[in-house]
Amino acid sequence: MPRVSRWPAKGAAARALTASRGDRAGGIGLAVGAAVALVWANWPGSHSYESAWNAIAPWSHTLGLDLSVRDWVNDGLMVGFFALVGIEIRREVTQGELREWRRGAAPIVAAAAGMALPALIYVALVSGRPGAGGWGIPMATDVAFALGALALVAPKGSGRARVFLLTLAVADDIGSVVILVAFYSADVAWVPLVAGLACLAAMGLIQSRLHMPAWAYVVLGALAWWAFVHADVEPAVVGVAVGVCLAPLQGDQSRGERSLEPLVNLAILPLFALANVGLRLVGSGLGSPTALRLLVAVVVARVVGKPLAIAAATSAVTRVAGPGYAPRLDRRHRVGVGALASIGFTVPLLIIRAALPDGPLAAGATAGLLIATALGLAAGAILLRPRDED
């Protein structure tokens, strides 16, 4: 029998591993997870979707926590994704587009405007009616979905657009988490919150003053995560601080990314979509006038308010502060990035659960997020499509 070489298998494995890296792989994973979630949630005669994800994880009580399976995905596994974001931010600040601090001004201002205008539009459409307290729902951009969408619609697009969207989305997410804590978390436990913030401050101090091994940051990050869970504050964003602090220990900062990307793209992001996007279309009250009003308010606020505010704020920074403070993107690409910023699931879904009761209101707002995501993806694909003159 002729001897079969093992090298082709190794080559295939290497190619598969390479394909699992990058935003495009993450976007495909998210799309697959979302599609499976919608099919599962609406499977005839089955109610297993909600029961599976809402069940308390068997290991939660052993660890002294009260987290559902969905909570472990959103609050636990997503730490890995946010750590990857932190590594990327550190690289851009030290080696990339953001090494000049002025370059970060425009996306941060655009993030603030992209939060404020959608909230105002939502209030104008829902004020004085059921669901008016959900004004925070249209504010946040989903980092994972938005970057994955950019890679899908513009795989050969400008790296500047990606850096701008990444910075904007992270600033947006941090601001939205602050809104969530300040306005939608009435039961925040302040002692563990302060303890968690102290752990993050210690990480920053150690990183800037001392040379400590990676395990020190991991331990402090785990303690901060534990404290944020007990404070009832979104704990997954601890990953950003861990990634930023660990990045200098990775040499060229690529080793950590190479290790994390396949795990994030092939497991964490698809599970996140699977756990959160399953909206039951029948029997949830989605067809009621109240639900439809919230649906329209969320869609208009996100699809119209986000791109308009982001493009206008970026242009304003250019006019007031000069071109050195603005991203090197033309108007079409700025609006296209703003369209992708209308994609939002993570924090908006948390706000829906905190601000709206289960039933028609929550169903309408969740459906609005799904529709806004589809429309934002389509608009972004059109606006960011390469042209002959690009």
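All of (1) at pLDDT 85 or above; (2) out of contact with any Asp or Glu (no Cβ under 8 Å at 6 or more places or on another chain) hold for L150 with one exception: (2).
A quick yes/no check of all residues on (1) of a type outside the set (S, T, N, Q); (2) over 23 Å from L147 (Cα atoms); (3) part of a helix (DSSP H, G or I); (4) modelled with pLDDT under 90:
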| site | (1), (2), (3), (4) |
| --- | --- |
| G76 | yes, no, yes, no |
| A83 | yes, no, yes, yes |
| R90 | yes, no, yes, yes |
| V93 | yes, no, yes, yes |
| G104 | yes, no, yes, yes |
| A111 | yes, no, yes, no |
| G128 | yes, yes, no, yes |
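Of the residues making up the stretch 198-214, those that are surrounded by fewer than 19 Cβ atoms within 10 Å (Cβ to Cβ) and touching a Phe, Trp or Tyr at 6+ places or on another chain (Cβ under 9 Å) number 1. Residue check: P213 meets all listed conditions (1) outside the structural domain of I179 (by TED's automatic domain parsing); (2) under 30 Å from Y184 (Cβ atoms) but one, namely (2).
Can you tell me which residues in the stretch 163-180 are within 14 Å of the chain's Cα centre (by Cα) and closer than 27 Å to D330 by Cβ?
Here is the first cut: in the stretch 163-180, the residues within 14 Å of the chain's Cα centre (by Cα) are 165-177.
Within the stretch 163-180, L165, L166, T167, L168, A169, V170, A171, D172, D173, G175 qualify.
If the condition is being in contact with a Leu (Cβ under 6 Å, 6 or more places away or on another chain) and either part of a helix (DSSP H, G or I) or under 20 Å from A37 (Cβ atoms) (or both), then the stretch 58-71 contributes no residue at all.
Listed by position, the helices (runs of 4 or more DSSP H) contained in the stretch 274-390 that have at least 3 residues being at pLDDT 90 or above, crowded, with 24+ Cβ neighbours inside 10 Å and out of contact with any Cys (no Cβ under 7 Å at 6 or more places or on another chain) are 289-300, 306-321, 331-340, 360-383. Taken together, the residues in the stretch 162-190 that are part of a helix (DSSP H, G or I), in contact (Cβ under 8 Å) with a residue 24 or more places away in the chain and of a type in the set (G, A, S) amount to 4.
Here the condition is being among the polar types (S, T, N, Q), under 26 Å from R129 (Cα atoms) and assigned by TED's automatic domain parsing to the domain that holds A354; of T290, T314, it holds for T290 alone.
The values are calculated or read from the model by the stated rules, or taken from the named source; none is laboratory data. Note that this is a predicted model, so its numbers are computed, not measured. We place every Cβ from the backbone using ideal geometry, glycine too, and count neighbours over all the protein chains shown.
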